[in-house]
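K.L.:
I have a structure here, written as structure tokens, and I will follow up with some questions on it.
The values are calculated or read from the model by the stated rules, or taken from the named source; none is laboratory data. Everything quoted here is computed from the prediction, not taken from an experiment. When we count neighbours, we look across all protein chains shown, and the Cβ atoms used for this are built from the backbone with ideal geometry, even at glycine. Please note that ligands, DNA and RNA were not included when accessible areas were found on the heavy atoms of the full protein model with its side chains. Shrake-Rupley method; radii C 1.70, N 1.55, O 1.52, S 1.80 Å.
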Amino acid sequence: MAAPEKLLVLYTGGTIGMQMSASGLAPASGFEARLRARQAEEPALRLPPWAFRELLPLIDSADLTQQHSLAQRDAIVAAVEQDGCDAVLVLHGTDTLAYSAAALSFLLLGLPVPVVLTGSMQPAGVPGGDAWPNLFGAMQALQAGVAPGVHLFFDGQLMHGARCSKLRSDAFDAFQVLPRLRQAERAEALPPTLDYRHPRQPVNIALQPFYPGLRAAHLRALLDCGVQGLLLECYGSGTGPSSDAQLLAVLEEAHARGVVLAAISQCPQGHIEFGVYAAGSRLLQTGLVSAGGMTREAALGKLFALLGAGLSQGEAEHWMTRDLCGEMRD
């Protein structure tokens, strides 16, 4: 893991570069000049040579869409394959930072260089803020050598891109990787359709937690809008309202018409193990597949990448249950 010879800093917006507008903090251009001026104030920093690019339009990450994620993927691939960059640092808002880190982990499978995402809880320039420590910390981590793959750097920690979540909204250590049971079968080789070079398309995926009071009609309304993949957040180790025949029928009908159904646990440190309870076994019979110990962010990102690559229902279910980049297996 050598130090990068050409690092791209890809600025997508977010709090780190925001400035005050008439309606409050908003994404602002011109961050490269601010970054170079700040670096000049700290000549002792050992940073890799870097170039800068704004990915327009700059956004508050609360506005992130699949199209933005695909644009990030395309910009990273172009930087590596066309511009000869051997590392990429993505500056991103924190609201959906973990979602982007997870999605890019699967959209960039096989990319031979490291990609690190970072952002900040406060805008650059706030006295005692975390913007410059996070940005320069990420650059120093890359200078020291980071393995290929997607990572998230925050508050001094370099974390696996498909394992972290934002757990706090008011502290610098907002992102963490919580312990989860990760023991899925590891994929020995990936099909060409999942390689980072393969184009992806937006897909219609949805998320539905189980909760007391969820009705079959609620679920049917969600699935009837053309959903291609549904991520169910189950109770505990993979249980749900298994005595509700109408709700189970809705799931069975959706699976029969080609919808990919995947399950994660609602527990912050949970994992899916359907056979523990009869309620879980009954859910399994609807066609639901286990996403093991994946986080919500990772499972959604993986569904997006698999279905966006054009995989069939059976193919997507197969790869959904196998570890592709460390998201499901330690």
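K.L.:
Could you rank the peptides 287-293, 270-276, 32-38 by their average count of other C-beta atoms within 10 Å per residue, with the highest value first? All intermediate terms of the calculation are to be shown ahead of the outcome.
P.N.:
Details: 287-293: 23.4, 270-276: 18.0, 32-38: 14.4.
My ranking of the peptides, most packed first, is 287-293, 270-276, 32-38.
K.L.:
Once you have a ≥ b ≥ c as the square roots of the Cα gyration tensor eigenvalues for the chain, tell me rounded if a/c is under 1.5, and otherwise prolate or oblate according to whether a/b is larger than b/c. Can you show the working numbers first?
P.N.:
Numbers: a/c = 2.08, a/b = 1.81, b/c = 1.15.
Here the chain falls in the prolate category.
K.L.:
What percent do you get for the relative contact order of region 6-61 when only Cα pairs under 8 Å and 6+ apart count? Please report the intermediate quantities before stating the final value.
P.N.:
On the way: 69 pairs, mean separation 31.9, N = 56.
Relative CO of region 6-61 lands at 57 percent.
K.L.:
Largest first, how would Glu5, Glu297 line up by accessible area (1.4 Å probe)? Kindly include the intermediate steps, with their values, before the conclusion.
P.N.:
On the way: Glu5 150, Glu297 20 Å².
Listed by decreasing accessible area, they come as Glu5, Glu297.
K.L.:
So, one more: Taking a probe of 1.4 angstrom, what is the accessible area of Glu315 in Å², to the nearest 10?
P.N.:
Rounded to the nearest 10, that gives 90 Å².
K.L.:
With Cβ to Cβ distances under 13 Å as the rule, what net charge do the other residues near Leu261 carry (K, R +1; D, E -1)? Don't skip to the answer; put the middle values down first.
P.N.:
On the way: positive: Arg257; negative: Glu233, Glu252, Glu253, Glu317.
Once all neighbours under 13 Å are counted, the net charge is -3.
K.L.:
Antiparallel as a % of all DSSP beta bridges within region 1-156, to the nearest 5? Walk me through the numbers on the way to the answer.
P.N.:
Numbers: 3 of 22 bridges.
Taking every DSSP beta bridge within region 1-156, about 15 percent pair in antiparallel fashion.
K.L.:
Okay, next question. If we count every other residue with Cβ under 11 angstrom of Ala171's Cβ, Lys/Arg +1 and Asp/Glu -1, where does the sum land?
P.N.:
Numbers: positive: Lys166, Arg168; negative: Asp130, Asp155, Asp170, Asp173.
Residues close to Ala171 contribute a combined charge of -2.
K.L.:
Can I ask one more? If you count the DSSP beta bridges with both ends in the chain, what percent of them are antiparallel, to the nearest 5? Mind showing how you got there, number by number?
P.N.:
Numbers: 11 of 44 bridges.
Roughly 25 percent of the beta bridges in the chain run antiparallel, per DSSP.
K.L.:
Would you kindly find the accessible area of Asp60, with a 1.4 Å probe and non-protein molecules such as ligands, DNA and RNA excluded, rounding to the nearest 10 Å²?
P.N.:
Looks like 60 Å² after rounding.
K.L.:
Please state the relative contact order of region 1-143 as a whole percent: Cα pairs under 8 Å, 6+ residues apart? Don't skip to the answer; put the middle values down first.
P.N.:
Values: 237 pairs, mean separation 49.1, N = 143.
Answer for region 1-143 is 34 percent.
K.L.:
Would you check the accessible area of Arg182, probe 1.4 Å, heavy atoms only, in square angstrom rounded to 10?
P.N.:
So the heavy atoms of Arg182 present about 20 Å² to solvent.
K.L.:
Then there's this: Figure the gain on full extension for Glu253 and Ala78 (residue separation times 0.36 nm, minus the Cα-Cα span) and round it to one decimal in nm.
P.N.:
Details: separation 175, 0.36 × 175 = 63.00 nm, distance 4.15 nm.
Result for the pair: 58.9 nm of gain on full extension.
K.L.:
Top to bottom by accessible area (1.4 Å), largest first, where do Thr65, Thr286 land? Each step should come with its number before you reach the end.
P.N.:
Values: Thr65 55, Thr286 5 Å².
Final ranking, largest accessible area leading: Thr65, Thr286.
K.L.:
Return an integer: the convex hull volume of the alpha-carbon atoms of region 139-281, in Å³ per residue.
P.N.:
Values: hull volume 25.7 nm³, N = 143.
Taking the convex hull of the Cα positions in region 139-281, it is 180 Å³ per residue.
K.L.:
Still on this structure, please answer the following. Apply the a/c threshold of 1.5 to the C-alpha gyration tensor of region 185-232 and tell me whether it is rounded, prolate or oblate.
P.N.:
Numbers: a/c = 4.63, a/b = 2.06, b/c = 2.25.
Note, shape of region 185-232 comes out oblate.
K.L.:
Sequence gap at least 6, Cα distance under 8 Å: using those rules, report the relative contact order of the chain to the nearest whole percent. Spell out each step's value before the answer.
P.N.:
Details: 693 pairs, mean separation 56.6, N = 330.
Computed over the chain, the figure is 17 percent.
K.L.:
To continue, here is another question. Give the long-range amide H neighbours of Val260: residues separated by 5 or more places, or on another chain, with amide H under 5 Å away, using H modelled in the peptide plane at 1.01 Å from N.
P.N.:
Gly229, Leu230
K.L.:
Continuing with the same structure: Applying a 10 Å radius around every beta-carbon, put 236-247, 156-167 in order of their mean neighbour count, most first. Don't skip to the end; give the middle numbers.
P.N.:
Numbers: 236-247: 17.9, 156-167: 20.3.
Final packing ranking: 156-167, 236-247.
K.L.:
Follow-up question, since we're still on this one. In whole angstrom, note down how far apart the Cα centers of region 57-87 and region 266-291 are.
P.N.:
First find each Cα centre; the distance between them is then 35 Å.
K.L.:
If packing is taken as the mean number of other Cβ atoms within 10 Å per residue, what is the order of 127-133, 139-145, highest first?
P.N.:
On the way: 127-133: 16.4, 139-145: 18.3.
Output ranking for 127-133, 139-145: 139-145, 127-133.
K.L.:
Please say if region 195-276 is rounded, prolate or oblate, where rounded means a/c under 1.5 for a ≥ b ≥ c the square roots of the C-alpha gyration tensor eigenvalues, and otherwise the choice is prolate for a/b larger than b/c and oblate otherwise?
P.N.:
oblate
K.L.:
Something else about it: Multiply the residue separation of Ala37 and Gln285 by 0.36 nm, subtract the distance between their alpha-carbon atoms, and state the gained length in nm to one decimal. Please report the intermediate quantities before stating the final value.
P.N.:
Values: separation 248, 0.36 × 248 = 89.28 nm, distance 5.99 nm.
Net length gain for the segment: 83.3 nm.
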